[in-house]
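Please read the structure below before turning to the comments.
The values are calculated or read from the model by the stated rules, or taken from the named source; none is laboratory data. Predicted, not measured: the structure shown is a model, and the values here were computed from it. Don't worry about glycine lacking a Cβ; one is built from the backbone with ideal geometry, like all the others, and counts go over all protein chains shown. Heavy atoms of the whole protein, side chains included, go into the accessibility calculation; ligands, DNA and RNA do not. Shrake-Rupley method; radii C 1.70, N 1.55, O 1.52, S 1.80 Å.
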Amino acid sequence: MKKYLFLLFFTSSLLLNGQYDKHVERTQLQLGLPLPSVLFEVGMSKNTTTSLEAITGFALRGCSGCETNFGINPVLRGQYRYYYNMERRLRKKKNISGNSGNYVAALVAYQHGHPLIGNLYTSTTMGVGPVYGLQRTYKRGFFYRLEGGVNYYQDDFNDGILLVLAARVGWAFRKKIRK
């Protein structure tokens, strides 16, 4: 049930996009690496966005004397971001296009335990928690994003608190380009 509520919340929030007097982009699509990912971000208010990201997670297990297994698992992440330094960046004549700014966000993540490719089955995991991040997008669309925070997770066997660290580089495609 939690999975369906998560998907319903983010799908409906991506469709809601009212008047546009915002510092954030109306919509933005990002293709990221090092793990291939696709992120769709929608501006909700002047400084807030919601995003939905599909990532291919990679798991590897092996040891001397045992068989090496791997799995490529689907990961779905949703965020509600508040970009808190857009006004200051504008005053300093810095770039805010492509949602270049610092943010705090609520993160919800879901990883399915059955691999798309491979034979390493892991636990299905659901997590939620706050993160702090910064994102910078350059004129031709290259971006980088760094995030850190904590996450309460629950899988098939355990639950607890995890440290969340994420780094992503890639290409951003957006509707509106600002200087």
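Residues of the range 120-130 include at least one that is open to solvent by 40 Å² or more (accessible area, probe 1.4 Å) and within 14 Å of the chain's Cα centre (by Cα). Restricted to the range 151-161, and to residues that are exposed (fewer than 15 other Cβ atoms within 10 Å of the Cβ) and touching a strand residue (DSSP E or B) at 6+ places or on another chain (Cβ under 7 Å), which residue is nearest to Ser51 (Cα to Cα)? Selected residue: Tyr152.
The listed residues are Val128, Val108, and the only one of them that is over 26 Å from Lys22 (Cα atoms) and among the β-branched types (Val, Ile, Thr) turns out to be Val128. Just one of the listed residues (Tyr103, Tyr144, Tyr110) is in a strand (DSSP E or B) and more than 17 Å from Ser37 (Cα to Cα), namely Tyr103. For Val169, the criteria (1) under 29 Å from Thr27 (Cα atoms); (2) modelled with pLDDT under 95; (3) touching a Pro at 6+ places or on another chain (Cβ under 8 Å) hold in every case but one, which is (2). Within the range 131-143, the set of residues being surrounded by 15 or more Cβ atoms within 10 Å (Cβ to Cβ) and on the phi < 0 side of the Ramachandran plot comprises Val131, Gly133, Leu134, Gln135, Arg136, Thr137, Phe143.
Of the residues Ala105, Ala172, Ala166, the single one that is more than 30 Å from Gly62 (Cβ to Cβ), free of Cβ contacts under 8 Å to residues at least 60 places away in the same chain, open to solvent by less than 40 Å² (accessible area, probe 1.4 Å) and touching an Asp or Glu at 6+ places or on another chain (Cβ under 9 Å) is Ala105. Scanning the range 56-96 for residues being of a type in the set (Ser, Thr, Tyr) and either more than 19 Å from Leu146 (Cβ to Cβ) or not in a strand (DSSP E or B) (or both) gives a total of 4.
Applying the criterion of being among the charged types (D, E, K, R) and in a strand (DSSP E or B) to the residues of the range 21-55, the residue that is farthest from Ser97 (Cα to Cα) is Glu53. Among the residues of the range 36-88, the ones that are in contact with a strand residue (DSSP E or B) (Cβ under 8 Å, 6 or more places away or on another chain), open to solvent by 20 Å² or more (accessible area, probe 1.4 Å) and in contact (Cβ under 8 Å) with a residue 12 or more places away in the chain come to 22 in all.
If the Cβ limit is 6 Å and pairs must be 6+ apart or interchain, which residue in the range 136-152 that is of a type in the set (A, V, I, L, M) pairs with which residue that is not in a loop (DSSP other than H, G, I, E, B)? Pairs that qualify, where the first residue is of a type in the set (A, V, I, L, M) and the partner is not in a loop (DSSP other than H, G, I, E, B), are Leu146/Leu134; Leu146/Ala167; Val150/Gly129; Val150/Ile161.
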